[in-house]
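Below: one structure, written as structure tokens.
No value in this document is a laboratory result; all are computed from the given coordinates. Predicted model only: the values in this text are computed from it and were never measured. All Cβ positions, even for glycine, are placed from backbone atoms using ideal geometry, and neighbour counts span all protein chains on display.
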Amino acid sequence: MNATEVVFVVLSVLAAGSALLAMTSRQLVHAALWLVVTLGAVAGCFVLMTAEFIAWVQVLVYVGAVVVLVIFALMLTRQGREQGSGTTAEVTGNRWIAAVLGVVAAVGLGATTIAGFGGERIEGRRIGTAASIGDALFTDWVLPFEILSGVLLAALVGAIVLSRSGSDR
Amino acid sequence: MIRRWGYVGITAVLAVVVAIWAVPELGRDTVTFVTIGQTGPDGGPPLPSLSPDLLIYPGTAQILLLAVGVGLLVQIYSTAYLGHHPRYRSYALVIVLFLIAMIAVVGTTNLWVLLVGWEVMGLCSYLLIGHEWESPVARAGAAKAFLVTRIADLGLVMAIIVIGETYGTYDIVGAQVAQSEQPRHATLIGLLVLVAVVGKSAQFPLHTWLPDAMPGPTPITALIHAATMVAAGVYLAARLFQLYADSQVVLTAMAVVAAITMLMGALFAWVQTDLKRALAWSTVSQLALMLAAVAVGDPEAGTDHLLAHGVFKALLFLGCGCVMLAVGSSALSSMGGLRRRMPVTFWTMTAGFAALAGLVPTAGFFTKDSVLHAIERATDGDRGLAAGTAWVLLVVALVTTFVTAAYATRLWVLTFFGAGHGAGPHGTLGQDVREAPLAMAGPLVVLAVATFALSVGQPLHLGTGLLSTVIAVAGVAAVLVAARRGSTLAWAPRPLAAELWLDRPFSRWILALGTGASRVVVELDREVVDVYPRGGESLAATISRGLGLAQSRNVQRYATVLAVGVVMLVVIGVVVS
Amino acid sequence: MSLLYPLLLSSALFGIGLYGVLARRNAVLMLLGVELMLNAVNLNLVAFDAWFADRMHTGQVLTLFTIALAAAEIGLGLAIVLALFRAVRTVDVDEVGR
Amino acid sequence: MIVVALAVPFAVGVLLVLARRFVPSRVAAWAGAAAMAVTLALYALVWEGSEGVSGRVDAPWIEPLGARLQLGVTAVSWPFALMTAFIGLLCCLWLVADDTAPALVGLVLVVSASALGVFSSLDALLLFVFFELALIPMWFVIALWGTGDARRAATRFLLFTVTGSALLLVGIVIGAVRGGSLELIDIRPDAVAVVLITLGFAVKTPIVPLHTWLPDAHSAAPTVGSVLLASVFLKLGTYGLLVFVEPSDHIGVVAPYLAVTGAFGIVWSALACYAQDDLKRLIAYSSIGHMGFVVLAVATRSDVGVAAAVFGSVAHGVVTGLLFFAAGSMKDRYGTTSMTRIGRGLYARTPWLAVTFVLAAVATLGLPGLAGFWGEVLSLRAAYDVGEVLSRPVAWTGLGLALLGIALTTAYVVRAVRLLAQGEPVPSDADRDLEVREAVVMGALVAAVVVLGLAPQLLLDVVQPLSAGVLR
């Protein structure tokens, strides 16, 4: 086990642990913040797999934009009830089923990957420079990319329409 | 008025037609068929049909003439007795329908035609008893009469079916021919016929409807419930006698029924306080006498007495109607001392009572004598009936003769003598008590003459004749002596006055049973039988609720179910592969 | 580096995200669960790209697309949640259905 | 000929339903009556004799299934068809009034034509299609023009019958597969299929305890609806039993149950009748009893039984039709069919109506000389004969129950007559005697009742050659 792997394992444990906390925390804002940790750790993982560009996008989009959005949403949807009693179960009745399903899914996927890619190794090539990604994106993937921009625009418009309050519709 | 006589005209035409047809047969010895039915193609009986097969022999002709004769007289009588009635049209037309049905019953040789006539008679009886349907008593009496007779008629229906299956024909003559070759099922047929006869002729234990039928108009009582329809039961027993003559069981049962009924009827007639009801019980008793004749193997004697009884009982009832019209009631307490005011009624009814009591020289004496003689002959035990049974029957018949003479005298005395004792509500006879109009008195005279005329040519049996005369005279004399000594002739022990409580099963128990059962059925229908549709309903509702649980309107549950499904599919896919 | 490390981390994140989607009452946090699952997928894509290293960089490009789509999704999703909250004053999925 | 006879009422009926807003009431009713008269005449003329099939039509239909458009009448179905056309005609005549809905006339025509289609089908699938076709219009007739809880009663009726139809369809399919053809003569249902088919028709007939839909439907339906239900719809059940179950080799599986439940139904329904206050419910229950006689007759599987079933069905059609028309007249006058609310003494208040009612009531109790009698007595005879498939104890149990039922029938009829016709009259403003249209309709039925009663050979001669084996 070389140094990269050691760092990767540490980041993995960090990511998984904070994800677990994010999904179980009673405090909603804490949950969002734990998610930041997870996403950051995953970005670190990306770096370790030499996909720097993706890692930066991850940090910019997820940690920078998405989480901020989530925190805003959480604050906007504060309910009076929650402030009064923090003991309200933040999880629903079927959490045991959900837990079992989560474990089964994780174990099943893990077992499958172990069975399928047990001995495979990632070579240390640099694959994820901005140049190579840009090259691929604007040659082979240009059409999906343009379509995606349309999708993003539509989502933008949709979000605006949806979030306008009923009175000025 | 003219319309009323129109119905008389219709009846007269009917009577003349029947007379033209029947009178020539009176003296004939041979039997005349009009047509005869044939058996079915496969040896079994054909499907029922109403073929116009007719069979006439002297006895038939006599009864036909009796029916149309009494019918005509009753129509004439009714013009005066019931002429004011608003529903005279339906009344008169139903009488005509009744006569046609009676002719069908008597004249046909096709059992189905007989059945149709038989039931139509029952229906007419029902309609006529209930003619005064405003009165609850009449309604109840009509319903009871119809129910009892119709239930008993099921015996006739089954008897006809059995006869058809046994002998392969629904023709009486055909069945008799087949029976003479190989008799079968005699006991079954006989018992079924007996059920029908017991119902129609008001014999024990189905006798209670006849006295209750008395709310009907009195002319109807005279025609249907004395002369013809009730007698048709005996006629049927005589007509089908050959088919069950071999069965001692049937004959014994018939004898027992007859013995019980004749004595019981006579005793009940004695205790009545109502003239009409007393005459009704007397009819029951006399019908039993005829049935006894059939039981001892001499149906001829039975039909002879039927004929005589038809005449004098019609006379008595019509006379009773005259009296009722005069005093306004049929209660004996409102009568008495009527002989001066109503001489025609008095003398004609005297003849009728004499015939009922069996005094010489009325027809009643001779025909009753024939019956007694037949019973006496049966005591030697070789005529199908055991000697012991015949002896008992003879003794009962003689006792009945005594009682009959006694109650006839009692009724006669209470109606016409006593110089107004208990007459009217005011103690004296009212001014409106006078002789009946001609249209009513005329038929009485005709019938009274017939009472004597029918005795012409009747056989006389010296032994039984003397014996019965002595007994009858003793009965008459005993009552007369008692009356002379000032007795009110009101000796009525409680069991007899209550008619032995024999009506109770009919008036209470069966009614209660039927009502209770019907309530139970309706409840069961609603609460129990309806369970499966309701069960289906609630099952569907439950299933839909169960499936509705999945439609929780909760995104997470949907997602959970979805995830479970995906995981299971994957697991299954992995396991299978 | 063994390919298994990112794949196993991806499995774990996916399971945790699934749990979050199914178990959290708050609609916003359900969306977070979805983001976690998407991240797991991204991890997978990148790992396989690093391992396979094809010329088109399919895995990484798809990851980019996924991230963009995730951003769009979360934007729309949160807009819906906000609209819902304005309508029924709650984001509790158990209560929204009633 | 039969095609025309079916097409005319169908076409006129559909037209009337479609043009219901533009057709005046009387015109609609007269048009319906004319259509049914044409049908009746055509059906009367199509008869060629009891041997074989009259007026056969044969055309390809659904070839892959082997179903063909085969129409024609046999000795069994012709009386049913004539009776149906006759009743349909009278129903249309009954509707000749100012307040008639043209759509109702149209639906009556469609229902009648569908029933005629059932009686004329020689193909099992075609029969089934007609059988179902009659249901939905009937639902509308009951639900839209009924009184009281009509919607519920109509739906109940529909659910019961459709459930029965489902069983029936399965049975027909099994029989067709085994017999190799959908032609009625070829159908060979095995034991399971016979049970299914019997159950299907038992709902329709109905046999106790599958009868609970019937009193509700009858009492809720409008007059013509009740008449059609009783006179025509129940006959679909008995006809089905006659055509599918009676000739089957496996009738022995169901025959004892049919015999006993049929006869038990006579007693049961008579007792139920005795406790009824609603006249229409009473008549409905009495129908169950009459059908009990028919079922008992079918169960014996004998020539007499077939004759009894046909006669019983046809006689019940005219007798009960008459009763329902009389009840309908009372309902038109007094707005109710409750006997206590109509009041006593109809003899004095509406003499002709009362006399007609009493005649119908007397016919329904099976008085010899009227139509109702012969079906009953033939059933009794069939049961006494035991027949081919029953054991003697079973058949005679049925016989005994039937006799008891007849006695009880007399009791409830006498009670109804006593409650309605007799008694101290309580005059009411609504007292008026029969109108012309009522007199015509009831007069026709009275004539039919009396003719069938006094000349049963008219009908029996049609059925009799059946013993030569037309359908077997």
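I want the local charge near residue B:164. Using Cβ-Cβ distances under 12 Å, sum +1 for each Lys or Arg and -1 for each Asp or Glu among the other residues. Net of charged neighbours comes to -2.
Near the amide H of residue D:123, within less than 5 Å, lie the amide hydrogens of D:70, D:184, all on another chain or at least 5 residues away, with H placed in the peptide plane.
Expressed as a rounded percentage, what relative contact order does segment C:4-90 have, with Cα pairs under 8 Å and six or more residues apart? Write down the numbers at each step before the final one.
On the way: 74 pairs, mean separation 22.1, N = 87.
That works out to 25 percent.
For segment D:29-83, the list of chymotrypsin sites (Phe, Trp or Tyr not before Pro) that fall in a loop by DSSP and count at most 16 other C-beta atoms within 10 angstrom reads D:47.
Net charge near residue D:366, counting Lys/Arg +1 and Asp/Glu -1 over other residues with Cβ under 13 Å of its Cβ? Please list the in-between numbers first.
Details: positive: B:150; negative: B:119, B:153, D:376.
Here the count lands on -2.
Based on DSSP loop calls and a cut-off of at most 16 other Cβ atoms within 10 Å, the longest stretch of chain B free of exposed GluC sites (Glu not before Pro) is what? Segment B:135-434 is the longest. A viscosity of 0.692 mPa s and a temperature of 37 °C, combined with the Kirkwood radius over Cα pairs in Stokes-Einstein, give a translational diffusion coefficient for segment D:104-171 of 264 µm²/s.
For chain B, find the longest principal axis of its Cα atoms and tell me its angle to the long axis of helix B:136-167, 0 to 90°, nearest 10. It is inclined by approximately 80 degrees. Relative contact order, whole percent, for segment B:249-492 stands at 27, derived from Cα pairs under 8 Å and 6 or more residues apart. Calculated FRET efficiency, residue D:340 to residue D:457, Cβ-Cβ distance, R0 = 41 Å: about 0.45 to the nearest 0.05.
List the trypsin sites (Lys or Arg not before Pro) within segment B:283-377 that fall in a DSSP loop (any state other than H, G, I, E or B) and whose Cβ has at most 13 other Cβ atoms within 10 Å. Before the final figure, lay out the partial values.
Values: sites: B:313, B:339, B:340, B:341, B:368, B:377; in loops: B:339, B:340, B:341.
Qualifying residues, ordered by number: B:340.
Computed over chain B, the P(r) curve from all C-alpha pair distances, binned at 10 Å from the origin, holds 3, 16, 25, 23, 12, 5, 3, 3, 3, 3, 2, 1, 0 percent per bin.
Taken over the C-alpha atoms, chain C has Rg and Dmax values of 16.4, 53 angstrom. Apply the Debye scattering formula to segment B:219-272, with a single equal point scatterer on each alpha-carbon and no solvent, then give log10 I(q)/I(0) at q = 0.13, 0.18, 0.23 Å⁻¹. Evaluating at q = 0.13, 0.18, 0.23 Å⁻¹ gives log10 I(q)/I(0) of -0.45, -0.78, -1.00.
Which FRET efficiency value, to the nearest 0.05, is calculated for residue B:555 and residue D:155 with the Förster distance at 35 angstrom and r the Cβ-Cβ distance? Write out the running numbers ahead of the final one.
On the way: r = 36 Å, r/R0 = 1.02.
That gives a FRET efficiency of 0.45.
Short to long, the 10 Å bins of the Cα pair-distance histogram for segment B:530-576 hold 23, 27, 25, 19, 6, 0 percent of all pairs. Per residue of C:44-53, other chain Cβ atoms within 10 Å of the residue Cβ number 6 on average.
Expressed as a fraction of 2.2 N^0.38 Å, the C-alpha radius of gyration for segment A:1-77 is 1.18. Label reach from residue B:248 (point 7 Å along Cα→C-beta): in segment B:286-305, amide nitrogens under 18 Å belong to B:295-298. Using the Stokes-Einstein relation with a Kirkwood hydrodynamic radius computed over Cα pairs, the translational diffusion coefficient of segment D:1-133 at 20 °C and a viscosity of 1.002 mPa s comes to 144 µm²/s. Ranked by the mean number of other Cβ atoms within 10 Å of their residues, highest first, the peptides B:567-574, B:143-150, D:64-71 come out as B:143-150, D:64-71, B:567-574. Think of each Lys and Arg Cβ as +1 and each Asp and Glu Cβ as -1; about the Cα centre, that makes the dipole of segment D:171-467 roughly 500 debye. Per residue of B:530-536, other chain Cβ atoms within 10 Å of the residue Cβ number 3 on average.
Considering only B:303, D:297, A:114, the residue lying farthest towards the positive end of the dipole of the protein assembly as shown is B:303, judged by Cα position with unit charges set on Cβ.
Over chain B, dividing the summed -39,500 (n - 2.57) contributions of all DSSP H runs of at least 4 residues by the number of residues returns a 222 nm mean residue ellipticity of -23500 deg cm²/dmol. Can you give the angle from 0 to 90° between the axis of helix B:172-181 and the longest principal axis of chain B, with both taken from C-alpha atoms, to the nearest 10? Helix B:172-181 sits at roughly 90 degrees to that axis. Averaged over the residues of peptide D:371-384, the number of Cβ atoms from other protein chains lying within 10 Å of each residue's Cβ is 3.
Note the full-extension length gain between residue B:519 and residue B:541 as 0.36 nm times their separation in residues minus their Cα-Cα distance, in nm to one decimal.
4.8 nm is the gain from fully extending residue B:519 to residue B:541.
How long are the semi-axes of the equivalent ellipsoid of chain D, defined as square roots of 5 times the Cα gyration tensor eigenvalues? Whole Å, largest first.
Details: eigenvalues 211, 144, 73 Å².
Each semi-axis is √(5λ); the values are 32, 27, 19 Å.
Cross-link pairs exceeding 22 Å between alpha carbons, from the set D:235/D:280; B:200/D:280; B:313/B:368; B:200/B:313; B:144/B:368: B:200/D:280; B:144/B:368. The charge dipole of segment C:4-90, taken about its Cα centre with unit charges on the Cβ of Lys, Arg, Asp and Glu (plus for the first two, minus for the last two), comes to roughly 440 debye. Using the alpha-carbon positions of the protein assembly as shown, Rg (one decimal) and Dmax (whole number) come out as 46.5, 154 Å.
If R0 equals 22 Å, the separation of the Cβ atoms of residue A:6 and residue A:117 corresponds to a calculated FRET efficiency of about 0.60. May I ask for the net charge around residue A:132, where only other residues with Cβ less than 14 Å from the Cβ of residue A:132 are counted and Lys, Arg are +1 while Asp, Glu are -1? Around residue A:132, the charge tally is -2.
How big is the charge dipole of the protein assembly as shown about its Cα centre, in debye rounded to the nearest 20, if each Lys and Arg gets +1 on its Cβ and each Asp and Glu gets -1 on its Cβ? All intermediate terms of the calculation are to be shown ahead of the outcome.
Details: 75 positive and 76 negative charges, 737 e Å.
Dipole of the protein assembly as shown, to the nearest 20 debye: 3540 debye.
Couplings for segment B:479-492, taken from phi via the Karplus curve 6.51 cos²θ - 1.76 cosθ + 1.60 with θ = phi - 60°, read 5, 4, 4, 4, 5, 4, 7, x, 5, 7, 6, 10, 6, 9 Hz in order; Gly and Pro are left as x.
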